[in-house]
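Enquirer: After the structure tokens below, expect a handful of questions from me.
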Amino acid sequence: RCRDVRQRFLALISRIDNDGPQKAALSDTVERLMLWAGNLGAMRQPSSKLSLDQRLAKAPEVHGLICRHLDDIGEELDDLSSLLSGADSPDADDFKVPDQDAEEDEPFHEAAMILEAVAEAINSLFRLGILVRKASPTDRFKRALQMSDISFNDASDIGYVRDKYPKMRDSEKDWLATRLGRLISQRRVFIKYSRDHKVRLQFEEPTAGDLPEQLATQTERQSSKATTFHIDRLPEDADEVMSVMSASTMSNSLSVLRLPTLADLSVDGEPFECPICFTLQDFRREKAWRVHAFRDLKAYVCTAGGSSQCNGEYFGDRNTWFEHELHHHRSTYACTLCSAHEPVSHDVFLHHMTVHHPQVSGHQLRAVGDVSRQPPTHFDANDCPFCDDWADQIRQRADPKGERPATVSFPPDDPTLVSATRFKRHVALHQEQLAIFALPR
């Protein structure tokens, strides 16, 4: 169906002699349709592992809906072809795409109305394509690292981390600089793998009989098999967003790198192809786009676990990352089964439970851990693993005239103590900067 619709577009375009706006409108429309088709593998043979037909094998209702939209587009193009062939064939203005001054013009001609209907049908296909992608349960980042034969030298990325954040040059932080730098390189692998996978999906195979079956099979890789669509696995809130503090209030190093804006990616608010994962996306708010981008990039890693823990654990959102740090590294635990027990670290708590309360295990152990946990409510800004600027700025605001003698330290209620939410936000911004650095420039 996709090939047939494309051929009808091309036939119409070839019948227009001039290169005016009518031809450009048709060309733009077919290019948008091909963006959708290429992103989902709709131009591949139904038997191909990468085809949209294979992806929707267990979702016939979605498959049927897509086919109906393609049939509608074909019928609209037939009407447009008939209009061109008629005695009163439309002139150039009939193909004009409506603009903001349309209300002052004459009623739209039939040709323009047909193009409007085609454009709306394509937008519906984009929305369905996004639905198909969101239902995929696959961790695409992990899959890319497992299946890709691409590699990047992480030495330069590790060096970049140390150059950007001199605090990382401390030997005690060498493990963290290495972890962050390697993740930058792995993000590059993910982006390259996603781009290459899109190219494989776009590949238009010859029709049946043009190639020997064995040769056609060799053009595919098992690792690139399209993910099967499961409609029951859609996220409950696909537009989930989290608060993002402006980096302009932080140190200069936090305001250098920026994601492309939604306005740059989505002209007129239409669905677009994400430049990170190369899938179809549709967002109405800048924050929603940022959340998606950082989820793609696995922007957050454990900064508190030390060199021997949490390697290979990457987090796609701030809350999951910080909850991990609070649960495993930053909280203390006072066993509720031992009233006199002093607060200890998570590892010591688990050892205590194993030795003194062996009867508690599984979900019961998790429940006891939850009620025994004592997460910190405040952090010292000096404990930011990336910078000292933040604590200095806080002190400056607390003593703007510099009247406190250098020999006098701040009292126990040191103003560099910040809330857990504020600390999470600040450290997350640093990590997001490193994530953005992986994007091609």
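Enquirer: Identify the single condition in (1) within 24 Å of Glu325 (Cα to Cα); (2) surrounded by fewer than 18 Cβ atoms within 10 Å (Cβ to Cβ) that Asp163 does not satisfy, given that it satisfies every other one.
Expert: Of (1) within 24 Å of Glu325 (Cα to Cα); (2) surrounded by fewer than 18 Cβ atoms within 10 Å (Cβ to Cβ), only one is false for Asp163: (1).
Enquirer: Could I ask something else about it? Quick check on the range 344-351. Is at least one of its residues under 30 Å from Ala42 (Cα atoms) and loosely packed, with under 14 Cβ neighbours inside 10 Å?
Expert: No; the residues of the range 344-351 include none that is under 30 Å from Ala42 (Cα atoms) and loosely packed, with under 14 Cβ neighbours inside 10 Å.
Enquirer: For the condition free of Cβ contacts under 8 Å to residues at least 24 places away in the same chain, crowded, with 17+ Cβ neighbours inside 10 Å and closer than 23 Å to Leu439 by Cβ, what is the one hit in Phe294, Phe315?
Expert: None of the others qualify; the one that does is Phe315.
Enquirer: Give me a count of the residues in the range 1-40 that are touching a Lys or Arg at 6+ places or on another chain (Cβ under 7 Å) and not in a helix (DSSP H, G or I).
Expert: 1
Enquirer: Of the residues Arg330, Arg395, which single one is under 30 Å from Met168 (Cα atoms) and at pLDDT below 85?
Expert: Arg395
Enquirer: Could you please tell me which pairs satisfy a Cβ distance under 9 Å, a separation of 6+ or placement on different chains, a first residue in the range 257-273 that is free of Cβ contacts under 8 Å to residues at least 24 places away in the same chain, and a second residue that is in a strand (DSSP E or B)?
Expert: Going by the 9 Å Cβ cut-off, the qualifying pairs are Ser266/Phe272; Ser266/Gln281; Phe272/Leu280; Phe272/Gln281.
Enquirer: For the list (1) under 30 Å from Met353 (Cβ atoms); (2) touching a strand residue (DSSP E or B) at 6+ places or on another chain (Cβ under 7 Å); (3) part of a loop (DSSP other than H, G, I, E, B), I need the number of the one condition that Lys298 fails.
Expert: (1)
Enquirer: Among the candidates Pro358, Pro260, Pro271, Pro275, single out the residue that is touching a strand residue (DSSP E or B) at 6+ places or on another chain (Cβ under 6 Å) and at pLDDT 85 or above.
Expert: Result: Pro271 is the single residue among Pro358, Pro260, Pro271, Pro275 that is touching a strand residue (DSSP E or B) at 6+ places or on another chain (Cβ under 6 Å) and at pLDDT 85 or above.
Enquirer: Restricting to the range 50-71, and then to whatever is among the charged types (D, E, K, R) and buried (at least 16 other Cβ atoms within 10 Å of the Cβ), can you tell me which residue is farthest from Ala117 (Cα to Cα)?
Expert: Ranking the qualifying residues of the range 50-71, first place goes to Arg55.
Enquirer: Now for a different question. Which residues, counting only those in the range 329-375, are within 22 Å of Ser307 (Cα to Cα) and charged (D, E, K, R)?
Expert: Correct list: Arg330, Asp347.
Enquirer: Considering only the range 26-49, state which residues are surrounded by fewer than 19 Cβ atoms within 10 Å (Cβ to Cβ) and over 16 Å from Val118 (Cβ atoms).
Expert: Once the filter is applied, which keeps residues that are surrounded by fewer than 19 Cβ atoms within 10 Å (Cβ to Cβ) and over 16 Å from Val118 (Cβ atoms), the range 26-49 yields Gln45, Pro46, Ser47, Lys49.
Enquirer: Tell me which residues, restricted to the range 145-183, are assigned to a helix (DSSP H, G or I) and closer than 20 Å to Tyr193 by Cβ.
Expert: Listed by number, the residues that qualify are Leu145, Gln146, Met147, Ser156, Asp157, Gly181, Arg182, Leu183.
Enquirer: Hey, can you tell me all the residues within the range 379-399 that are closer than 15 Å to Glu325 by Cβ and in contact with a helix residue (DSSP H, G or I) (Cβ under 7 Å, 6 or more places away or on another chain)?
Expert: Correct list: Phe379, Cys384, Pro385, Phe386.
Enquirer: Pairs please, first residue from the range 58-72 and at pLDDT 80 or above, second anywhere and small (Gly, Ala, Ser), Cβ atoms under 7 Å, 6+ apart in sequence or on different chains.
Expert: Pairs found: His69/Ala121; His69/Ser124; Asp72/Ala121.
Enquirer: Could you grab me the full set of residues in the range 41-54 that are closer than 13 Å to Leu280 by Cβ and part of a helix (DSSP H, G or I)?
Expert: Hit for the range 41-54 is Leu52, nothing else.
Enquirer: Contact list please: Cβ distance under 7 Å, first residue in the range 145-159 and assigned by TED's automatic domain parsing to the domain that holds Leu176, second residue surrounded by 12 or more Cβ atoms within 10 Å (Cβ to Cβ) and at pLDDT below 85, pairs at least six apart or on different chains.
Expert: Met147/Ser223
Enquirer: Which members of the range 24-46 meet the condition of being in contact (Cβ under 8 Å) with a residue 24 or more places away in the chain and over 18 Å from Ile122 (Cβ atoms)?
Expert: Arg44, Gln45, listed by residue number.
Enquirer: Scan the range 419-426 and give yes if some residue there is in a loop (DSSP other than H, G, I, E, B) and either modelled with pLDDT of 90 or more or on the phi < 0 side of the Ramachandran plot (or both), otherwise no.
Expert: Within the range 419-426 (the criterion being in a loop (DSSP other than H, G, I, E, B) and either modelled with pLDDT of 90 or more or on the phi < 0 side of the Ramachandran plot (or both)), the answer is no, since none of the residues qualifies.
Enquirer: What number of residues within the range 329-359 are among the charged types (D, E, K, R) and closer than 12 Å to Gln374 by Cα?
Expert: 2
Enquirer: Can you give me the number of residues within the range 318-362 that are out of contact with any Cys (no Cβ under 8 Å at 6 or more places or on another chain) and either in a helix (DSSP H, G or I) or touching a residue at least 60 places away in the same chain (Cβ under 8 Å) (or both)?
Expert: Of the residues in the range 318-362, 16 are out of contact with any Cys (no Cβ under 8 Å at 6 or more places or on another chain) and either in a helix (DSSP H, G or I) or touching a residue at least 60 places away in the same chain (Cβ under 8 Å) (or both).
The values are calculated or read from the model by the stated rules, or taken from the named source; none is laboratory data. Computed from a predicted structure; not experimentally measured. Neighbour counts run over all protein chains shown; Cβ positions are idealised from the backbone, glycine included.
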